[in-house]
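Take a look at the structure below.
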Amino acid sequence: MIQREEAPAVSALPRRRGRAIVITSGKGGVGKTTTTANTGAALAATGATVVLVDADVGLRNLDIVMGLEARVRHHVLDVLEGKATLEEALVTDKRVPALRLLAAAQTREKDDVDTAAFRDLVGSLRERFDYVLIDCPAGIEKGFANAIAGADEAIIVCTPEVSAVRDADRVVGLLGDERSVKLIVNRLRPALVRRGKMLSVDDVNAILRLPLLGVITDAPDVIVSTNRGEPVALDAASSVGASYREIAQRIVGTLSGPPTVPHEKSFFDKLFGSRK
Amino acid sequence: MSARRIVLTSGKGGVGKTTTTANLGAVLAKRGHRVALVDADIGLRNLDLVLGVEKRIVFDLVEVVEGRCQLRQALIKDKRLENLSILPAAQTRDKTAISELQMAKVVQELGELCDFVLIDCPAGIEHGFRNAIAGASEAIVVTTPEVSAIRDADRVIGKLHERGLPVRLIVNRLRPEMVRAGDMLSVEDVTDILSAELLGIIPEDEEVIDTTNKGEPIVLQPDSRLAVIYDKIARRLEGDLVPFTTLRAPGFFGRLFGKAS
């Protein structure tokens, strides 16, 4: 079962305390890792210091999506077991120096991670970085309990599918009332929504009822950028990248108001119109 | 003859395990086999939704294990295919509610009632994964042509081999036009990396989203091209040598005016 997080001791009032945000979903394959990488890159591009923590011990992928897999030398468990210092384990991003990655162990199990120790690790990262983004594994087992332990904010990533919405709803319940929880609707296809073949953002949020942080449309360039290890958020020409940059601004607080929900371009727009 | 007990797994979530379980189960049932589907994703069940039986659940897998009901009472018979039934997972419990041994016993017992038991594994490689593979005699690994999915599949195939389970591979959600443009890994790229025999190639089809939301497996749609593809997978499972057809990407005019083959 998921342990409720205890209230932090007053004596722990920080000199400087970054925000710890877990990116979670319940259902796998909805885009948690892609969202973590892109939101992190976009946050770092605003000038904030950001560390991305891969909590998917045994099935790590954040390093691949960041294109940093060849630079990973140590991982979370090395740090927790004293085999490496935090500094040694942090991998600096190739493009944005304010962005770091703490990789998961690939050949270990989630049960090897002590939840309290992981929470403490996130706590010490919060003293060094403005933002700690934790990429949660799929499911609601031990890996989930570890990933949410140190976070006081959560971003739910959900695709417009009945199964994803059901899983997300269950996760919102498990996150409890102590955390601020916001929603990103991912992989929306406005054309399908208009034809009544896909749930709309409103349909999704009629069930989840969460503050909307952003809407990301389904675009082939995300698959391409993920395979190449180049976050699309850093591509100034990409409209999906722009959506991630808006999400970052909303997290920082420099952008308010509800996110725009993309609508479908007409057939002729697509054929002859400008790329937006 | 004891039943074939096949776990469908992937490591990574969202690659199509549940959709594949539902559709493959439906096709096997259509071909005359008695099929039972088991949802092993305790706490995050979805197989019931994909098959449209969510309102008919009375008992679940955990209640069977705990002896609160008979296995036959928990099985939901599909209304469209009389040979197909579903054992749903519990939604308000977690994966540690049952042990590997208990799961293996349920799957064994199911095997006495039918020809094929298909087990829908949860994402990940934790307790839920170990439970799902516990009663299986063979495995199908579902993957998509993405680097992260393949890395996870590779890790899972290693774990399945450790258990001595024969492993076959389904490459799901292939977009031939992206492969042709060099923007997506090809089936050959995938099978080069993964040491498992290829069982099927399923193209991306946006109709799947809609049929999944509606609880109607796409293989039951009268004009679905995926029905033909799943039928071939079922025949390969039966032991037939069915050649793989190359998935051709329709050209620009094909996309505008024609139908994808």
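The values are calculated or read from the model by the stated rules, or taken from the named source; none is laboratory data. Every value quoted in this text rests on a predicted model; they were computed, and no experiment measured them. Heads up, the Cβs are rebuilt from the backbone with ideal geometry, glycines too, and the neighbour counts pull from every protein chain shown. Calculation scope for accessible area: heavy atoms of the full protein, side chains included, ligands and nucleic acids excluded. Shrake-Rupley method; radii C 1.70, N 1.55, O 1.52, S 1.80 Å.
Candidates in the range B:4-29 are the residues that are open to solvent by 10 Å² or more (accessible area, probe 1.4 Å) and of a type outside the set (Val, Ile, Thr); of these, the one that is farthest from the other protein chains (Cβ to nearest Cβ) is B:Arg4. Scan B:Leu241, B:Leu247, B:Leu198, B:Leu169 and give me the residue that is assigned to a loop (DSSP other than H, G, I, E, B) and either at pLDDT 90 or above or out of contact with any Pro (no Cβ under 7 Å at 6 or more places or on another chain) (or both). Result of the check over B:Leu241, B:Leu247, B:Leu198, B:Leu169: B:Leu241.
Please work out if B:Arg173 is open to solvent by 40 Å² or more (accessible area, probe 1.4 Å) and either away from chain A (no Cβ under 14 Å) or of a type in the set (A, V, I, L, M, F, W, C) (or both). The answer is no for B:Arg173.
When A:Ser243 is tested against (1) farther than 30 Å from A:Glu141 by Cα; (2) of a type in the set (Ser, Thr, Tyr); (3) modelled with pLDDT under 95, exactly one condition is not met: (3). For the range A:79-88, indicate whether the set of residues that are within 14 Å of chain B (Cβ to nearest Cβ), in contact with a helix residue (DSSP H, G or I) (Cβ under 9 Å, 6 or more places away or on another chain) and without any contact (Cβ under 8 Å) to a residue 60 or more places away in the chain is non-empty. Within the range A:79-88 (the criterion being within 14 Å of chain B (Cβ to nearest Cβ), in contact with a helix residue (DSSP H, G or I) (Cβ under 9 Å, 6 or more places away or on another chain) and without any contact (Cβ under 8 Å) to a residue 60 or more places away in the chain), the answer is no, since none of the residues qualifies. Of note, A:Val113 does not satisfy the criterion of being under 21 Å from the mean Cα position of the chain (by Cα), over 30 Å from B:Arg130 (Cβ atoms), β-branched (Val, Ile, Thr) and buried (at least 17 other Cβ atoms within 10 Å of the Cβ). Scanning the range B:30-42 for residues that are farther than 20 Å from A:Val171 by Cα, in a loop (DSSP other than H, G, I, E, B) and either open to solvent by less than 10 Å² (accessible area, probe 1.4 Å) or out of contact with any Cys (no Cβ under 6 Å at 6 or more places or on another chain) (or both) returns B:Arg31, B:Gly32, B:His33.
Restrict the check to the range A:81-101 and report whether at least one residue is in a loop (DSSP other than H, G, I, E, B), in contact with a Lys or Arg (Cβ under 6 Å, 6 or more places away or on another chain) and open to solvent by less than 40 Å² (accessible area, probe 1.4 Å). Within the range A:81-101, one or more residues are in a loop (DSSP other than H, G, I, E, B), in contact with a Lys or Arg (Cβ under 6 Å, 6 or more places away or on another chain) and open to solvent by less than 40 Å² (accessible area, probe 1.4 Å).
Kindly check whether there is at least one residue in the range B:41-49 that is closer than 27 Å to B:Leu169 by Cα and touching a strand residue (DSSP E or B) at 6+ places or on another chain (Cβ under 6 Å). Checked the range B:41-49: at least one residue is closer than 27 Å to B:Leu169 by Cα and touching a strand residue (DSSP E or B) at 6+ places or on another chain (Cβ under 6 Å). Residues of the range A:225-239 that are part of a helix (DSSP H, G or I) and without any contact (Cβ under 8 Å) to a residue 40 or more places away in the chain: A:Ser225, A:Asn227, A:Ser239. Note on the range A:172-202: among residues that are facing chain B (nearest Cβ under 10 Å) and closer than 22 Å to B:Gly52 by Cα, the one that is surrounded by the most Cβ atoms within 10 Å (Cβ to Cβ) is A:Leu199. Is it the case that the range A:147-157 has a residue that's part of a helix (DSSP H, G or I) and facing chain B (nearest Cβ under 10 Å)? Among the residues of the range A:147-157, not one is part of a helix (DSSP H, G or I) and facing chain B (nearest Cβ under 10 Å), which makes the answer no.
Counting just the residues of the range B:117-132 that are within 16 Å of the chain's Cα centre (by Cα) and not in a helix (DSSP H, G or I), which one comes out farthest from the other protein chains (Cβ to nearest Cβ)? That would be B:Val117. Counting the residues of the range A:203-230 that are among the aliphatic types (A, V, I, L, M), touching a strand residue (DSSP E or B) at 6+ places or on another chain (Cβ under 6 Å) and within 14 Å of another protein chain (Cβ to nearest Cβ) gives 1. Of the residues contained in the range B:179-202, none is found to be touching a strand residue (DSSP E or B) at 6+ places or on another chain (Cβ under 6 Å), open to solvent by 10 Å² or more (accessible area, probe 1.4 Å) and within 13 Å of another protein chain (Cβ to nearest Cβ). The residues of the range A:69-80 that are open to solvent by 10 Å² or more (accessible area, probe 1.4 Å), farther than 24 Å from A:Glu230 by Cα and among the aliphatic types (A, V, I, L, M), listed by number, are A:Val79, A:Leu80.
A quick yes/no check of all residues on (1) of a type outside the set (Gly, Ala, Ser); (2) under 14 Å from the mean Cα position of the chain (by Cα); (3) open to solvent by 10 Å² or more (accessible area, probe 1.4 Å):
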position: A:Val30; (1), (2), (3): yes, yes, no
position: A:Thr33; (1), (2), (3): yes, yes, yes
position: A:Gly40; (1), (2), (3): no, yes, no
position: A:Ala55; (1), (2), (3): no, yes, no
position: A:Gly58; (1), (2), (3): no, no, no
position: A:Gly67; (1), (2), (3): no, no, yes
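In the range B:43-59, which residues are more than 10 Å from chain A (Cβ to nearest Cβ), assigned to a loop (DSSP other than H, G, I, E, B) and open to solvent by 20 Å² or more (accessible area, probe 1.4 Å)? If the condition is that a residue be more than 10 Å from chain A (Cβ to nearest Cβ), assigned to a loop (DSSP other than H, G, I, E, B) and open to solvent by 20 Å² or more (accessible area, probe 1.4 Å), then B:Gly52, B:Ile57, B:Val58, B:Phe59 are the ones that fit.
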